[in-house]
Amino acid sequence: MAKASDIKNGNILRFNGELLQVEEFIHRTPGNLRAFYQARMRNVKTGKLVEYRFRTDEEVTIARVETNDYQYLYEDGEFLVVMDNTSYEQFNIPKSLFGPAVRFLKEGVNVIVAFESDEPIMAQLPSSAELEITYTEPAVKGDTSTNALKSATVETGAEIRVPLFINIGDKVKVDTASGSYVERVKS
């Protein structure tokens, strides 16, 4: 057990049976009242925001979280199989931890996974992915001046919007958070 004064931004607390990540932690001393800590925390599983006031001597449980790089190997039903790059140990990570960005994940890409004890609690993809276009309407000569977009399917099966000059076989960089086209990748 730790005291509330030991909490830092980014810590993950076990609070009311849930895992919460501290986003903002401020020490307040209002006039002639007792000092307290104002915390804004986000639930790791649901993403809900929680605000709470800790007394300065209140005991809290700071979760021991290990974060590491893993290589994505393949999909197995509702799980993604990843491998530790140093020990070659494999883990099944629920797809839901990656969120909507999972549609841009291709084999061999390094991902970040956080474990609390032996349970995966958070997963994160790289901020961008380089993917090949497998289907799109052919480009028309002279369609480069407008910034109009067309639909295209990438090698992972996800559909994105790309500029009119992109053709089948081109590699593009995609922002995994928003799913938007960033740029064409030169081969």
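Side notes on the structure shown:
- Some residue of the stretch 73-82 being without any contact (Cβ under 8 Å) to a residue 40 or more places away in the chain, out of contact with any Cys (no Cβ under 6 Å at 6 or more places or on another chain) and on the phi > 0 side of the Ramachandran plot: yes
- Figure legend. Inter-residue proximity from the stretch 102-114: first residues touching a residue at least 12 places away in the same chain (Cβ under 8 Å) and within 19 Å of residue 154 (Cα to Cα), second residues among the basic types (Lys, Arg) and part of a loop (DSSP other than H, G, I, E, B), beta-carbon distance below 6 Å, spacing 6+ or different chains. No pairs are indicated.
- The listed residue being farther than 13 Å from residue 113 by Cβ, loosely packed, with under 11 Cβ neighbours inside 10 Å and not assigned by TED's automatic domain parsing to the domain that holds residue 119, out of 46, 56, 86: 46
- Members of the stretch 29-87 found to be more than 20 Å from residue 125 (Cβ to Cβ) and of a type in the set (Asp, Glu), listed by number: 51, 57, 58, 59
- Taken together, 130, 89 contain a single residue that is modelled with pLDDT of 90 or more and within 28 Å of residue 62 (Cβ to Cβ), which is 89.
- Strands (runs of 3 or more DSSP E) within the stretch 93-187 that include 1 or more residues among the acidic types (Asp, Glu) and under 20 Å from residue 66 (Cα atoms): 110-116, 119-124
- Scanning the stretch 60-82 finds one or more residues that are outside any strand (DSSP E or B) and in contact with a helix residue (DSSP H, G or I) (Cβ under 6 Å, 6 or more places away or on another chain).
- Test for residue 99: is it under 17 Å from the mean Cα position of the chain (by Cα), loosely packed, with under 11 Cβ neighbours inside 10 Å and under 29 Å from residue 160 (Cβ atoms): no
The values are calculated or read from the model by the stated rules, or taken from the named source; none is laboratory data. Keep in mind the model is a prediction, meaning the values are calculated, not measured. Positions of Cβ are generated from backbone atoms using ideal geometry, with glycine treated the same way; all protein chains shown enter the neighbour counts.
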